[in-house]
């Protein structure tokens, strides 16, 4: 195989290794006491990740001058995690672990990635993860406010 034929995009690698990236994320979450203490089954724990990762892949494939669409998966995730008893700091930790898991996937595949664009794609991933986290926290905070109003009523 020639070097040219072995080059893959970051988006293609993330798509191909989606399940392994999720597995690595679950391993990290299960080793993080404050997250593991919230007892969830596997689907409750990771059910949102395929959609969030698809949003990241979509963002990577957008032209650089195109504004990315808002992530409905991230907003839904905020509501779900609020109802599961998470805190904002837990959401942040979950997002951090996702980024670490994604970067581990890229590291495992570094020999097939184009070194001329990989760092730009890593920047896009970090930006998209932070953007998604912002949407998640915004929705989480709305749910928290609703609960305060309901309790006060």
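Keeping to the range 35-61, report how many residues are over 15 Å from the mean Cα position of the chain (by Cα), touching a residue at least 24 places away in the same chain (Cβ under 8 Å) and part of a loop (DSSP other than H, G, I, E, B).
Looking only at that region, the number is 2.
Can you say whether residue 21 is in contact with a helix residue (DSSP H, G or I) (Cβ under 9 Å, 6 or more places away or on another chain) and either modelled with pLDDT under 95 or closer than 17 Å to residue 104 by Cα (or both), as far as the supplied structure shows? Spell out the reasoning first.
Details: in contact with a helix residue (DSSP H, G or I) (Cβ under 9 Å, 6 or more places away or on another chain): yes; either modelled with pLDDT under 95 or closer than 17 Å to residue 104 by Cα (or both): yes.
It is true that residue 21 is in contact with a helix residue (DSSP H, G or I) (Cβ under 9 Å, 6 or more places away or on another chain) and either modelled with pLDDT under 95 or closer than 17 Å to residue 104 by Cα (or both).
Pick from the range 23-32 the residues that are in a helix (DSSP H, G or I) and surrounded by fewer than 17 Cβ atoms within 10 Å (Cβ to Cβ): which of them is farthest from the chain's Cα centre (by Cα)? Step through it out loud before you land on a result.
Restricting attention to the range 23-32, the residues satisfying the condition of being in a helix (DSSP H, G or I) are 23-30.
Imposing the further condition that a residue be surrounded by fewer than 17 Cβ atoms within 10 Å (Cβ to Cβ) reduces the set to 23, 26-27, 30.
On the way: 23: 13, 26: 12, 27: 15, 30: 16 Å.
Out of the qualifying residues, it is 30.
Looking at the range 62-153, what helices (runs of 4 or more DSSP H) fall wholly within it and have at least 2 residues that are at pLDDT below 95?
Details: elements: 72-83, 88-108, 118-152.
The helices (runs of 4 or more DSSP H) meeting that bar are 72-83, 118-152.
The values are calculated or read from the model by the stated rules, or taken from the named source; none is laboratory data. Here the structure is a predicted model, which is why all the values come from computation and not from measurement. When we count neighbours, we look across all protein chains shown, and the Cβ atoms used for this are built from the backbone with ideal geometry, even at glycine.
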